[in-house]
1. 5 Å is the cut-off here: which amide hydrogens, built 1.01 Å from N in the peptide plane, fall below it relative to N149, excluding neighbours closer than 5 in sequence?
2. Sorted from fewest to most neighbouring beta carbons within 10 Å, what does the list I313, I201 look like?
3. At R0 = 35 Å, how high is the FRET efficiency between S320 and L261 if r is their beta carbon distance? Nearest 0.05 is fine.
4. Read phi for every residue in the stretch 59-69 and hand back ³J(HN,Hα) as whole Hz from Karplus 6.51 cos²θ - 1.76 cosθ + 1.60, θ = phi - 60°, with x for Gly and Pro.
5. Name the residue from G324, F294, L308 whose Cα lies farthest towards the positive end of the charge dipole of the stretch 244-340, charges +1 on Cβ of Lys and Arg and -1 on Cβ of Asp and Glu.
6. With θ set to phi - 60°, apply the Karplus curve 6.51 cos²θ - 1.76 cosθ + 1.60 along the stretch 165-172 and write out the HN-Hα couplings as whole Hz, x wherever there is a Gly or Pro.
7. What residues have an amide H closer than 5 Å to that of S368, excluding those fewer than 5 places away on the same chain, when H is modeled at 1.01 Å from N in the peptide plane?
8. Would the stretch 8-130 count as rounded, prolate or oblate if I go by the C-alpha gyration tensor, calling it rounded below 1.5 in a/c and otherwise prolate when a/b exceeds b/c, oblate otherwise?
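Laboratory data are not the source of any read-out in this text; all were calculated from the coordinates shown. None of these values were measured; they are calculated from a predicted model. For neighbour counting, all protein chains shown are included, and Cβ atoms are generated from backbone atoms with ideal geometry for every residue, glycine included.
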Amino acid sequence: MNDLIGQVMGWLPMLGRPEVLVQLAVVALVVVGWHLMARRFAYAAAAWPLELAATVVLGGLGCGLLAIAQQPMALALLLITFLASLQVSELLLKRGEQWLPEDQIQPLRYLLIRPFLFGGLLWTLIELLDTRAELALIPLGQWMGANVNVGDMTRLVVVLYLLMVSSGPPSLGVAWLLKRIFALERVSVRAMGLMVRYAVITLGTVAVLETIGFNSTAVLAIAGGLSVGLGFGVKEVFGNFVSGLWLLFEGSLRPGDIVALDGDFCEVRRLGLRATRLWRERDNAELVIPNQTFFNTSTVEFGVGRTLFRTQISLSVDPSQPVGTILDLLEEIAAALPGVEAHLPPKAYVQGVGDRGADYVLKFWIASPFKNRRLCSAVVQSVMERFQALGIELPYPHIVIEQPPVAPRDQCAEQPSA
């Protein structure tokens, strides 16, 4: 490790050379011109092509001036190429937004393209400053029975990163083949893909460690100790992870489903391994609910394509009104209201007679649970307006206080005897 630090510190004096400073100044001018162009055309549709053109033109002029002055330009050309590559990648991603969803654009940008460009820049920059072969042989020490150098550690990090980032699509492809072979449910494909991905990452990690020379017994011992520690320390996270896999395998909850949570209807936006993301309609909020919640509590769920919801309102009417007339009138009012399903006729019932009068319940179907509050309010409003027009009284709650009669005071008090 000390040799590596000493090697890196030896690169610093190179940055103070005049030819290096001149190249950095040229790159700085290109960056300033690019930012001015970005600020000038911040809201234009063709902003990225103009910025790319500005980088190429200014970079070409700068490298041309360096060539005329017979100055080295390898570093300037490398940095300008890196900037232009970033802009080209952003331009391609802007075009890709037309057919790729946002949740795939962001991982593609930050997990694949930009790390690849930064890695290529670092790889080439090391070759300019030093020799990669000599740098790779610098020892880092002995870890788990293996003599590890910079090259081994770099290979380990790169392979693990590539396995974690790029194993997703192949794993889904394997899961699709397993689905076709074993006739799995559609909702099980993602869960099977995740299991295949974790298996690939695990096997790839073990294979890389074996090629480096790590002691497999020591690796297994450390993995066992970590599993016990994680079991006690993050058991809730592990429980949510297992619950997420179970939900994916079972298919009881899928994106697009509607669930009732604490009296509010929410739409499932994304089913993750730790938590499920829900969208609540009444305040346009997104909720992150741990997966264990759907195992520990009862949940009312409306699957994709079957969001038809039966709701009801309750009201009391003057008991002197004919029951049949009130039932027919309630059903007629609900059936005529837009938003109430016409092919499933509303039904009205009598629950009994209470303190306020005869208690009625009107049940009707609507297209979505998200319309429950609005349509129930509209039905109540229509009923009140229609009843008022017909002179039907809707009694209000009232309290009758009865007091016992009080005997009048004796006006003729008994006179004392003479």
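1. L140
2. Starting with the residue having the fewest Cβ neighbours, the order is I201, I313.
3. Computed FRET efficiency for S320 and L261 comes out at 0.25.
4. Per-residue couplings from phi come out as x, x, 5, x, 5, x, 5, 5, 5, 5, 7 Hz.
5. F294
6. 8, 9, 7, x, x, x, 5, 5
7. F309
8. Here the stretch 8-130 falls in the oblate category.
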